[in-house]
Amino acid sequence: MHRLDKNIQSYSKTKSGNQATLLWGLIVFLGLTTSLVWGREHQKLNIHPREEHALSGTAFAKTVESMDLAEREQAILNEIQKGNIPEFLRELVAIQFSTIVGGEQYNLKFFCMPDYLSIGSDSDYFLIPMTPMLAQKVVDQLGGMLPTRKMVNLVWKAGALKLTPQPIPPSSAMVTVDVFREHNAMVLKSRAASMAAFPLGSLVVGHKKDVVLSNRIFSKPDKVTIYGWHYPSGKTIQPLYSGHINWYTDYSHGIRVVLNTCLVNGVTRKLSEIVADPDLYELFSDEVSAMETTRYDTSQSNYP
C-alpha cells in the first residue's frame, strides 16, 4: 500500500455503493465565509454579498490613486472584506489532470478563480495588483493559497480564453495606479472582444504574471516570486523570478486565488499539505523538493 492509500484509508469506511457527496465547510475568518460542495464541476465561493452602493472598479481606482502603498493595500483589503468583488469571480473553475509520481497514477482536481482578483462589479471591475503580503492575507481569508509554477501552467493550459500579453514599456511609473488603470483598460478591451464566445466566468489566462509559491520564498524571504504571462503559443514572458523586493508590485502582477482544498483520486486533501509532503509534492509542484513554506510573511515590517 503506497503512502496516499495509507493516508486515505480511513475515508474508505464512509463509502457505500456510489461514493457519497463530500461536504466541506471552510473557515469563517474576519467575516468572510467560504463553502463548497464537492462533486460539482464548479465550486461557489461564498463571500459577503456585494453591497448595492459599493464602489465600482473605476471609482475605487480613483480613491487609491494618491495613497501610499500601505494605505492602498489596506483599502484593497477593506473592499474585499466587504465583498466588493465581481460576482463572476465567486464561482471557481475546476482544473483537472492526471500525473504519475513514484510509479503511481493520480487523478487530480483543484479549483481557482476564473480571472485575477478584482475590485468592483461585473460591469466595472479593476484587476488590482498587490504585494505578496496582501495577497497572502486575502487567500488566507478565502480559504485559499497562491499557486505554484506548475499550477499556473496547468491553469493556462486549461484556459478557455487565452489572451495575448500586452506589456507596457518599462518605467518608474509601472508601480503607479495610473499605469494599473492603463493596463486594466487594455485587458478589458481585449476581453470584451471575446465576451460573446467566452462570457464572464470563463477561465481567462495570459493577461498577467502570477505571484506564486516557491522554495525561493524560504531562501529569499524579503522577495516576491513571480512567474508566467503566457503567449498563446505557451511561451512565457516571465520565467520564475525573485529579484524584486517583497513590497514591489507593478501593473503586470495578478493574484489568482486557488482553493486550498483539492481532490486526489477522489479524496479531499489540503493543497498546502501536499506541496510540503516529500513524497507527494510533485503532484502540484515542479520544483526539486517539497515546499519549505507555503506562505509569504505578512508582517507590516515588510512594507517600506
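The values are calculated or read from the model by the stated rules, or taken from the named source; none is laboratory data. Given the structure is predicted, the values throughout are model-derived calculations rather than measurements. A quick note on method: Cβ atoms are made from the backbone with ideal geometry, for glycine too, and the neighbour counts reach across all protein chains shown.
Within the range 205-224, is there a residue that is surrounded by fewer than 19 Cβ atoms within 10 Å (Cβ to Cβ), touching a Ser or Thr at 6+ places or on another chain (Cβ under 9 Å) and aromatic (Phe, Trp, Tyr)?
yes
Residue-wise test of (1) closer than 18 Å to Glu91 by Cα; (2) polar (S, T, N, Q).
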{"position": "Gly103", "(1), (2)": "no, no"}
{"position": "Gly120", "(1), (2)": "yes, no"}
{"position": "Leu127", "(1), (2)": "yes, no"}
{"position": "Leu161", "(1), (2)": "yes, no"}
{"position": "Ser190", "(1), (2)": "no, yes"}
{"position": "Ala196", "(1), (2)": "no, no"}
{"position": "Ser202", "(1), (2)": "yes, yes"}
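Which ones in the range 247-278 are surrounded by fewer than 22 Cβ atoms within 10 Å (Cβ to Cβ), of a type outside the set (Ser, Thr, Tyr) and under 30 Å from Glu182 (Cα atoms)?
Trp247, Asp250
Return the only residue of Phe110, Phe126 being part of a strand (DSSP E or B) and within 26 Å of Arg216 (Cα to Cα).
None of the other options fit; the residue is Phe110.
Go through Leu154, Leu92 for me and flag whichever is on the phi < 0 side of the Ramachandran plot and free of Cβ contacts under 8 Å to residues at least 60 places away in the same chain.
Only one candidate qualifies: Leu154.
Is it fair to say Thr99 is farther than 16 Å from Val264 by Cα and either in contact with an Asp or Glu (Cβ under 7 Å, 6 or more places away or on another chain) or β-branched (Val, Ile, Thr) (or both)?
Spelling it out, it is not the case that Thr99 is farther than 16 Å from Val264 by Cα and either in contact with an Asp or Glu (Cβ under 7 Å, 6 or more places away or on another chain) or β-branched (Val, Ile, Thr) (or both).
Which pairs turn up if I take residues in the range 187-206 that are at positive phi and look for partners that are part of a helix (DSSP H, G or I) and modelled with pLDDT of 95 or more with beta carbon separation below 8 Å, at least 6 apart in sequence or on another chain?
Close Cβ pairs (under 8 Å, with a partner that is part of a helix (DSSP H, G or I) and modelled with pLDDT of 95 or more) amount to Gly201/Phe88; Gly206/Trp156.
I'm checking my understanding of the structure. Among residues of the range 96-136 that are within 18 Å of Pro199 (Cα to Cα) and within 13 Å of the chain's Cα centre (by Cα), which one is surrounded by the most Cβ atoms within 10 Å (Cβ to Cβ)?
Once the filter is applied, the top-ranked residue is Met113.
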